[in-house]
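The values are calculated or read from the model by the stated rules, or taken from the named source; none is laboratory data. Just so you know, these numbers come straight off a predicted model, no measurement behind them. Methodologically, a virtual Cβ is constructed for each residue, glycine included, from the backbone with ideal geometry; neighbour enumeration extends over all protein chains shown.
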Ligand SMILES: Nc1ncnc2c1ncn2[C@@H]1O[C@H](COP(=O)(O)OP(=O)(O)OP(=O)(O)O)[C@@H](O)[C@H]1O
Ligand SMILES: [Mg+2]
């Protein structure tokens, strides 16, 4: 295996009594797209700033391209950073913005102009070199910011929520562009986001961060289909969460009774014990719907419910139902055949899911205690 482009070895950063990054270790393979996904305040920016060298870890080491960065100043690291509030220089035109880092490195003017023009061409802004920054759209500015970093040919490009300032439509578009740019350049991207859909779409690997640690590091598919912890199950993708107590465990399947009094079955993840508090997760697309009990797949537990509300969203449409006995509110994805397009609020329904495709964890607080 080749040397990873980035390696963090038990990196710790404390701010007073608060541990912002807590003994984190991971490595990022050359040429890959790596995302760090986590809620606000979990330590993402702190981690990125240590990689960039703006702050020093209290413990541990950061290794880039096989070399320890312990005594390497930020401007000597083979790293570039794109910020959320991208700071293009308004008094310089687009070409000068892209050439700025080259100028600081002492690259001659003609060479700078050539490299800057070639880079603008590659990010789809050929011919924009003489434009003023304020003549560009938000998405175009973002591409200039990325071009300005890539022109320096860093080993690592660090991106801190680079799409955060853009509106939703543009974010969706730039998401695809970013992925294509990364594939075309082959530069290793370390990308920070609190948006799970961005992380899933863009990344080869994702570290799901919570309170300064990675709860799970895996491919988007692993995180989605095999979440390792309740936090990951709740944070990545949409999920019904059912809290309660385990009654029995048989062949890896837990029977649990929810706080509301709903009895369901789900596959045990981790050390679930009879009598102990658990939380189960069922994805909306795992459940099936029927107007009669006989329409549900045979051999699965079935429940009755009434339609609480219809959430029409094209191909992502869903229905919220209330389970009859417990009044538990449960989200079910609607099939794209349009078979349930005429559902009415208050209508009676049957639903069920395969217990093997639902995950039951020991309650997070109990597991940590
Ligand atoms: N310079 C600092 N001094 C003191 N505390 C800090 C400092 N920088 C960050 N923190 C604290 O460390 C924690 C992690 O902050 P960080 O900026 O890394 O979060 P984040 O995951 O990037 O969040 P967001 O998604 O909101 O940007 C927070 O509780 C924050 O208040
Ligand atoms: Mg941040």
**Message:** Tell me which helices (runs of 4 or more DSSP H) are completely within the range 136-225 and hold 3 or more residues being under 25 Å from residue 107 (Cα atoms), or say none if there are none.
**Reply:** 138-150, 168-185
**Request:** Say whether the condition of being in contact (Cβ under 8 Å) with a residue 24 or more places away in the chain, out of contact with any strand residue (DSSP E or B) (no Cβ under 8 Å at 6 or more places or on another chain) and at negative phi is met by at least one residue in the range 233-252.
**Result:** no
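When the residues of the range 144-164 are narrowed to those that are closer than 16 Å to residue 119 by Cα and touching a helix residue (DSSP H, G or I) at 6+ places or on another chain (Cβ under 7 Å), which ends up farthest from ligand 1 (Cβ to nearest atom)?
Here the answer is 151.
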**Prompt:** Within the range 20-58, can you find the residues that are within 13 Å of ligand 2 (Cβ to nearest atom), within 22 Å of residue 187 (Cα to Cα) and part of a loop (DSSP other than H, G, I, E, B)?
**Reply:** 54
**Message:** Looking only at residues that are crowded, with 16+ Cβ neighbours inside 10 Å and farther than 17 Å from residue 118 by Cα in the range 180-194, which one is farthest from ligand 2 (Cβ to nearest atom)?
**Reply:** 188
**Message:** Given the condition within 16 Å of ligand 2 (Cβ to nearest atom) and either modelled with pLDDT of 95 or more or buried (at least 16 other Cβ atoms within 10 Å of the Cβ) (or both), answer yes or no: does some residue in the range 85-100 qualify?
**Reply:** yes
**Message:** Is it the case, given these coordinates, that residue 118 is away from ligand 2 (no atom under 16 Å from the Cβ), part of a helix (DSSP H, G or I) and in contact with a strand residue (DSSP E or B) (Cβ under 6 Å, 6 or more places away or on another chain)?
**Reply:** no
**Item:** Residue match in the range 64-71 (condition: at pLDDT 95 or above, more than 13 Å from ligand 2 (Cβ to nearest atom), assigned to a loop (DSSP other than H, G, I, E, B) and under 19 Å from the mean Cα position of the chain (by Cα))
**Value:** no
**Prompt:** What number goes with the only condition from (1) more than 19 Å from residue 163 (Cα to Cα); (2) away from ligand 1 (no atom under 16 Å from the Cβ); (3) touching a helix residue (DSSP H, G or I) at 6+ places or on another chain (Cβ under 6 Å); (4) not in a loop (DSSP other than H, G, I, E, B) that residue 9 does not pass?
**Reply:** (3)
